[in-house]
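**Student:** Below: one structure in structure tokens.
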């Protein structure tokens, strides 16, 4: 074997991704050994323990008021199916009503065990999904490890106990079965997408793929499943009054003004001098632009980049756990090949950036001395780092697509 071929097989996009992501994670635990809890203070979103597991316990706490949940002054912004799920956890966890402070739940018997079960089911399910990757078993295990101990998962969705952890595994499972040769898997994929939309609304955009691929009958069934998953749970959450109250809450959430938030488009625009009205218009155009890009792009990877960006950058009040949806890009890149397309420089770019995103920026922590000197808790050193990478992926994809579009137009014009 020639030296060139040997190096070519070593420096595949997947190997580059694994090296970058695993290096940051290993360095993190080495740094934590010497610096102790200072490193964990630095990596966690708000640099304190007040909000650990809050997205789990807070909403389980809300679900005790199930029939009136949208009428009360609660931060209950999830769709009704999510609260049906949380109510199930509440019913198996507690007897009677809880105190006003959800943090008191942590002192109740068995709550940590139940929370571990809640997260473990999602993580094991994610492991099953990674077993579907057509790469060596060793690399599947390493890839799974690098994802679980990344900033979006370990210091994001797991740290908060956010429902995004379940939504991403449901979406990935749906994408696996979407084009299966087995009829029951294709039908199950439709149901999974409907359930994901019932938990977070935004995954409903996946329905565009069926319309785009002219799978009309499946698209119609998906709409039916989606309607059932979204509207049926309102039977237990206040009926029509609950629906109207939920819509009012969503409008209130989406119309907020956000400052110092780079986690989603509207927050990012708050750093400009534009008025709130102008930002709202730009936000609408951003959403429409992503939807149009999903429909018209012919590149499967870029299609998933636009979809993941929609899931991560559109929701209001988003935090770093929404970057867990960039797993869709990772899964699409490495599902059916070990980075064999070495002639496409974009694959290398995405591997390097995603490897850095699904890692822990330990080197940055060492350089800054793991300092916590930031003015806004949503604008930490870690936040700036990972969101520069995340926004960079979307911007790079758009630039490449526009470049290829102009190049093809020039070629057609030249031939004519």
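**Student:** If you go through the stretch 343-363, how many residues are within 17 Å of residue 33 (Cα to Cα) and surrounded by fewer than 16 Cβ atoms within 10 Å (Cβ to Cβ)?
**Tutor:** Matching residues across the stretch 343-363 total 1.
**Student:** A further question on this structure: Out of the stretch 311-336, which residues are outside any helix (DSSP H, G or I) and within 26 Å of residue 129 (Cβ to Cβ)? Even if it seems obvious, please write down each step before you answer.
**Tutor:** Let us first name the residues in the stretch 311-336 that are outside any helix (DSSP H, G or I), namely 314-319, 335-336.
Correct list: 314, 315, 318, 319, 335, 336.
**Student:** So, residue 308, is that one at negative phi, touching a helix residue (DSSP H, G or I) at 6+ places or on another chain (Cβ under 9 Å), assigned to a helix (DSSP H, G or I) and without any contact (Cβ under 8 Å) to a residue 60 or more places away in the chain or not?
**Tutor:** Yes.
**Student:** Let me ask another. Select from the stretch 88-114 the residues that are touching a residue at least 40 places away in the same chain (Cβ under 8 Å) and closer than 30 Å to residue 192 by Cβ and write down the one among them that is surrounded by the most Cβ atoms within 10 Å (Cβ to Cβ). Even if it seems obvious, please write down each step before you answer.
**Tutor:** So the first thing to find is which residues in the stretch 88-114 are touching a residue at least 40 places away in the same chain (Cβ under 8 Å), and the list is 102-103, 105-106, 111.
Filter again for closer than 30 Å to residue 192 by Cβ, leaving 102, 105, 111.
Details: 102: 17, 105: 20, 111: 18.
Within the stretch 88-114, the match that is surrounded by the most Cβ atoms within 10 Å (Cβ to Cβ) is 105.
**Student:** Do you know which residues across the stretch 283-302 are more than 20 Å from residue 321 (Cβ to Cβ) and either touching a helix residue (DSSP H, G or I) at 6+ places or on another chain (Cβ under 6 Å) or not in a helix (DSSP H, G or I) (or both)?
**Tutor:** Once the filter is applied, which keeps residues that are more than 20 Å from residue 321 (Cβ to Cβ) and either touching a helix residue (DSSP H, G or I) at 6+ places or on another chain (Cβ under 6 Å) or not in a helix (DSSP H, G or I) (or both), the stretch 283-302 yields 283, 286, 293, 294, 295, 297, 298, 299, 301, 302.
**Student:** Sticking with this one: Out of all the residues in the stretch 263-274, which are surrounded by 20 or more Cβ atoms within 10 Å (Cβ to Cβ), at pLDDT below 85 and in a loop (DSSP other than H, G, I, E, B)?
**Tutor:** none
**Student:** Conditions first: (1) surrounded by fewer than 21 Cβ atoms within 10 Å (Cβ to Cβ); (2) modelled with pLDDT of 90 or more; (3) within 22 Å of residue 161 (Cβ to Cβ). Residue 327 passes all but one, so which condition is the exception?
**Tutor:** Every listed condition holds for residue 327 apart from (1).
**Student:** Considering each residue of the stretch 72-93, count those that are at pLDDT below 80 and more than 24 Å from residue 244 (Cα to Cα), and give that number.
**Tutor:** 0
**Student:** Based on what the data block shows, is residue 141 more than 14 Å from the chain's Cα centre (by Cα), surrounded by fewer than 16 Cβ atoms within 10 Å (Cβ to Cβ) and not in a loop (DSSP other than H, G, I, E, B)?
**Tutor:** The answer is yes for residue 141.
**Student:** Do we have any residue at all in the stretch 110-128 that's closer than 21 Å to residue 12 by Cβ and in a loop (DSSP other than H, G, I, E, B)? If you could, list the steps in order and put the result at the bottom.
**Tutor:** Of all residues in the stretch 110-128, those closer than 21 Å to residue 12 by Cβ come to none.
No: zero hits.
**Student:** Here's another thing I want to ask about it. If you check residue 132 against the conditions, is it at pLDDT below 90, under 28 Å from residue 217 (Cβ atoms), surrounded by fewer than 18 Cβ atoms within 10 Å (Cβ to Cβ) and out of contact with any strand residue (DSSP E or B) (no Cβ under 6 Å at 6 or more places or on another chain)?
**Tutor:** Yes.
The values are calculated or read from the model by the stated rules, or taken from the named source; none is laboratory data. Since this is a predicted model, take the numbers as computed values, not measurements. Cβ: placed from backbone, ideal geometry, glycine included. Neighbour counts: every protein chain shown.
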